[in-house]
Amino acid sequence: MVFSSILFLFRFLPLVLLAYYIVPRAYRNFLLFIMSLAFYAWGEPVYILLMLFSTIVDYVNGGFVDYYLTKGKKQIAKIFVILSVVINLGLLGFFKYTNLVIDIWNKTMQGNVTPLSLALPIGISFYTFQTMSYTIDIYRGEAKAQKNIIAFGTYVSLFPQLIAGPIVQYKQISDQLTSRKETFQQFSYGIHRFVIGLGKKVLLANTTGAVWEQIKGMNMEQMPILTGWLGILMFAFQIYFDFSGYSDMAIGLGHMFGFHFLENFNYPYRSKSITEFWRRWHISLSSWFRDYVYIPLGGSRQGLGKQIRNILIVWLLTGIWHGASLNFLFWGLYFALLLTVEKVWLLNALKKLPGWFNHVYAMFFILIGWVIFAFEQFVEGKTYLQVLFGRMGTRLWNKETIYLLYNHGFLLIIAILASTGCISTWINKRWNEEKLGFVLVKNGFYVLLLFLSIAYLVDASYNPFLYFRF
């Protein structure tokens, strides 16, 4: 089940909200836990057992960590942290990377091992990181062990952010599991945020994605240069509006149920460096790797050489976290190289250059990165890069390029303005939120956005969530 579906919008969500606010407060976590399992079971009922297993394993390990810490036996507590990490990463590795290892073995060693016929459990990369953070946070003294297994199960399975994040660290939400307070203002904000995310996903991600699919399906050997750049630009908008739209919907749903999830995107396409881009893009993932990998490895405290090593390790892990394919590994290495170059030399040089130049520089390398990300087949990605740089010997543009720009030019302008926050910045500078006129216009905009999104969904056949596969 996905948020951008008629089933979710008009059946599942109203039912859960109605039940949530009817039942006594003491039973609300239990209701969310059961309904979250039902939400997950709609797509993959078998893998509920896997998620419940992870929940029980980490709940038990967290209890032992807490118990031995209170006894002053930190080394024994550490054993249960390691056990939690090994089990979680073992499950993630088995389901997500076994076939990749088999494929590499067959190609390099001329083996004939048959790949496993296993579907990737939806959202396993997200909830695995969440459950690992539980035992680690307890061990570090940053959170207390959760005594109520239903409350902990709610944290692991909470449907607003179960499938595709944002990744919620246990220390960020531990208090809210037992003492959150729902208000009308919070619920209202949640609705507004959800509608914004739905509009991003349905009206912008789906439409830019359709253009990308059209261009990607063309013969690359005859593709003009500008058509190629238009295509990867549309993919960049698709993946941004797709994932940030889902995060907006997740944050909005969280507010409806009294939870406060941290922001996951902050207009990343406004960035003037790659370093800034990764402070704005998928913030919850970057924060997780910073808190649980980069800093424990020493961060930037042990000299430049080890800092570069730590960056390389983090970005190797970031790359393969996104998918069981070598292109994701290369994508991680690509950004590790860029971030290292900026850290060592380029950031100081960029400060002396005009802002517009820095922005063009950042977007250029971001788009090249999206080419590596978008094509799992190395040959296809290499060919598309050749198109972008004119190595295929084709023209700069042709009649089809003009046709694409004519038909999708308005969409391109809206995507640029929406992804960089220009519209919201302009409105905030010129409107007073307390004025009745602003309130009426704003709420009218949300109603229109919801109506257009539903109208699109009723007639749409193209409605994927890209990050479901990660």
#### Entry: Which listed residue is within 21 Å of S453 (Cα to Cα), of a type in the set (F, W, Y) and at pLDDT 95 or above, from F243, F237
F237
#### Entry: Matching entry among A164, A143 (being part of a loop (DSSP other than H, G, I, E, B) and free of Cβ contacts under 8 Å to residues at least 60 places away in the same chain)
A143
### Task
Only one of these is of a type in the set (A, V, I, L, M) and over 16 Å from E276 (Cβ atoms): L339, L304, L346, L353. Name it.
L304
### Query
Residue check, S84 against (1) farther than 28 Å from I283 by Cα; (2) assigned to a helix (DSSP H, G or I); (3) of a type in the set (G, A, S), all met but one. Which one?
(1)
### Message
Going through G258, G217, G303, G299 one at a time, which residue ends up being under 30 Å from S179 (Cα atoms), modelled with pLDDT under 95, surrounded by fewer than 22 Cβ atoms within 10 Å (Cβ to Cβ) and more than 19 Å from the chain's Cα centre (by Cα)?
### Response
G258
### Task
Specify which of the listed residues (G381, G437) is modelled with pLDDT under 75 and assigned to a helix (DSSP H, G or I).
G437
#### Entry: Among (1) free of Cβ contacts under 8 Å to residues at least 24 places away in the same chain; (2) over 30 Å from I251 (Cβ atoms), the one test that F184 misses
(2)
## Note on the structure
Checked I251, I167, I163 against criteria (closer than 30 Å to L17 by Cβ, buried (at least 24 other Cβ atoms within 10 Å of the Cβ) and outside the structural domain of F364 (by TED's automatic domain parsing)); the one match is I167
### Message
For the stretch 2-11, check the following and say yes or no: at least one residue is at pLDDT 90 or above, in contact with a helix residue (DSSP H, G or I) (Cβ under 8 Å, 6 or more places away or on another chain) and of a type in the set (S, T, N, Q).
### Response
no
### Query
Considering the stretch 38-93 alone, what residues qualify as being out of contact with any Leu (no Cβ under 8 Å at 6 or more places or on another chain), of a type in the set (G, A, S) and within 20 Å of W321 (Cα to Cα)?
S84, G90, G93
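Return yes or no: is G305 touching a residue at least 24 places away in the same chain (Cβ under 8 Å) and of a type outside the set (F, W, Y)? Break it down into steps so the answer makes sense when it comes.
Working: touching a residue at least 24 places away in the same chain (Cβ under 8 Å): no; of a type outside the set (F, W, Y): yes.
When the stated conditions are applied, G305 does not pass them.
Looking only at helices (runs of 4 or more DSSP H) that lie completely in the stretch 203-318, which have at least 1 residues being in contact with a Lys or Arg (Cβ under 6 Å, 6 or more places away or on another chain)? Reasoning before the result, please.
On the way: elements: 206-216, 225-256, 274-280, 283-289.
Per the criteria, 225-256.
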### Task
Among what's in the stretch 347-357 and is surrounded by fewer than 18 Cβ atoms within 10 Å (Cβ to Cβ) and in a helix (DSSP H, G or I), pick the residue that is modelled with the highest pLDDT.
F357
### Query
Under the condition of being of a type outside the set (F, W, Y) and surrounded by 17 or more Cβ atoms within 10 Å (Cβ to Cβ), which residue from the stretch 327-342 is farthest from F126 (Cα to Cα)?
E342
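Looking at G43, G62, can you tell me which residue is over 26 Å from M256 (Cβ atoms) and out of contact with any Asp or Glu (no Cβ under 8 Å at 6 or more places or on another chain)?
Values: G43 fails: over 26 Å from M256 (Cβ atoms).
One residue alone meets the criteria, G62.
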### Query
Which one of these is loosely packed, with under 15 Cβ neighbours inside 10 Å and at pLDDT below 85: G72, G111?
G111
### Query
Pick from F64, F53, F30: which is surrounded by 18 or more Cβ atoms within 10 Å (Cβ to Cβ) and either assigned to a helix (DSSP H, G or I) or not assigned by TED's automatic domain parsing to the domain that holds A119 (or both)?
F64
### Only listed residue being under 22 Å from the mean Cα position of the chain (by Cα) and either among the aliphatic types (A, V, I, L, M) or surrounded by fewer than 23 Cβ atoms within 10 Å (Cβ to Cβ) (or both), chosen from I124, I150, I102
I124
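The values are calculated or read from the model by the stated rules, or taken from the named source; none is laboratory data. Here the structure is a predicted model, which is why all the values come from computation and not from measurement. Every residue, glycine as well, gets a Cβ built from its backbone with ideal geometry; the counts of neighbours run over all protein chains shown.
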